[in-house]
Amino acid sequence: AGGAPRLQTQFGYYEYQQRPLLTTFSISNFEGAFAAWSEIGLNYARLFPNTAGSLGAGLNLRFLTGYEAAWLRMDGGGSYEKVSENAARVRFPGLDFGFTTSNLNADQNDFKLQKNGAGIAFDVGVFQLVEGSEKVYDYKIGVSLLDVGFIHFNSNTSAFQISTDSATIIGGDVYNQYTQLSDLEEAARTLSQQTLQNPDAARSGNTKKLWLPAALSIQGEYAFSDQLFLNALLIQRIPMPGVGLSRENLLAFTPRFEHRWGAVSLPVSVYNWQGFRVGLAARLAFLTLGTDNLGSWFGRSDYTGTDFYVGLKIQFSGDTNGGFGGSGSSFRRRSGRSKVRCYQF
């Protein structure tokens, strides 16, 4: 997983090339990180009947094994002045970067996962389902905390920090010789020499704690009938105290028509509080196809990305329902005449 939600667009090739010489511009705080890990989890969930319907609560406790990571963070802002086509005068009040090194010298055939760290994380959530007299339910609403935790990389890890209030001219030509992943260590030494006048001064250690992309999630769904639903979802990332992965913010409203053998949904979302998107998804039996950005396939605006997903659901037991992930048809009566609902998980 990885992301860089506040990466500076002025470092894009075309925008940078058009920038005039000897013009200083500021560098805002930003960060980006990547990590690869596996996890083993313990899950506990309970459903409590109440006067309105049912209250559900659950907890995931996950034990993480970290393999690879890379990160870059700028704190306190900085400045950048283009002095020639291949050189710039920069100021880094607080630059934090690093990477794992276990596979830097590996080619495609030699690459293998190696444990370089460990960590722990949890998810916790609750939801309330309000029963309807004729419909499968009236509505359900829930709140959860996602991906609260970290991975501590303490093996095959190189961490660097550059903090200086004085501006330094960095020539880009010297970095042309670094073309392989195995050159990253030497490139970091070169940057340290250019900014701190010492090739080893920027090295800050051989360990790093990376936070997972923690977020607050609020979900709600209203049932107009047994087949027609409106779902609302808010995901807001939670800032963590150090360097880590970041989750994008999302606000989405999704009308959905659902049947046992098929479903169609039309998610309308605001991505990261600035990009408006319309998607489309369809399910036939156990196969789901969809996209969250339909306009990227047909529109003519500036291309910033696209997505397409395929889902295959294999069910080994009876109907399931996980609060918000399950189908509305999971809340079925044992008998068409009965007024008592049997919830199946």
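Take each peptide in 260-272, 164-176, 68-80, count the other Cβ atoms within 10 Å of every residue, and average; sorted highest first, the result is 68-80, 260-272, 164-176.
Couplings 3J(HN,Hα) for the range 46-56, derived from phi with the Karplus relation 6.51 cos²θ - 1.76 cosθ + 1.60 (θ = phi - 60°), are 9, 10, 10, x, 9, 5, 8, x, 8, 10, x Hz, where x marks Gly and Pro. Spin-label pair Ala285-Asn249: with each label point 7 Å from Cα along the Cα-Cβ axis, the two points sit 4.3 nm from one another. For the range 168-197, the residues whose amide N sits under 20 Å from a probe point set 7 Å from the Cα of Ser204 along the beta carbon direction are 168, 184-197. Once the Cβ-Cβ distance of Glu134 and Leu47 is raised to the sixth power relative to R0 = 22 Å, the FRET efficiency obtained is 0.50.
Expected output is a single nm value to one decimal: the length gained when fully extending between His259 and Val174, i.e. 0.36 nm times separation in residues minus the C-alpha distance. What is it?
24.4 nm
Between Ala57 and Leu312, the simple label model (points 7 Å from Cα in the Cβ direction) yields a spacing of 3.8 nm. Plainly put, the range 152-269 has a radius of gyration that is 1.27 times its Kirkwood radius, both from alpha-carbon atoms, as the Rg/Rh ratio.
So, counting K/R as plus one and D/E as minus one, what does the shell of residues with Cβ under 13 Å around Glu68 add up to?
On the way: positive: Lys112, Lys115, Lys208; negative: none.
In short, +3.
Would you order Arg247, Arg189 from fewest to most other beta-carbon atoms within 10 Å of each residue's own beta-carbon?
Values: Arg247 20, Arg189 17.
With the sparsest Cβ surroundings first, the list reads Arg189, Arg247.
In this label model, Thr65 and Arg89 are separated by 5.2 nm, measuring between points 7 Å along each Cα→Cβ vector. Maximal additional length on extending the Ser38-Gln227 stretch stands at 64.3 nm, based on 0.36 nm per residue less the C-alpha distance.
Return the FRET efficiency for the residue pair Leu22, Ala187: r is the Cβ-Cβ distance, R0 is 41 Å, and the value is rounded to the nearest 0.05. It comes out at approximately 0.95.
Each reported figure results from applying straightforward, stated rules to the coordinates on display, with no laboratory input. As the structure is a computational prediction, the values presented were derived from the model and not from experiment. Neighbour counts run over all protein chains shown; Cβ positions are idealised from the backbone, glycine included.
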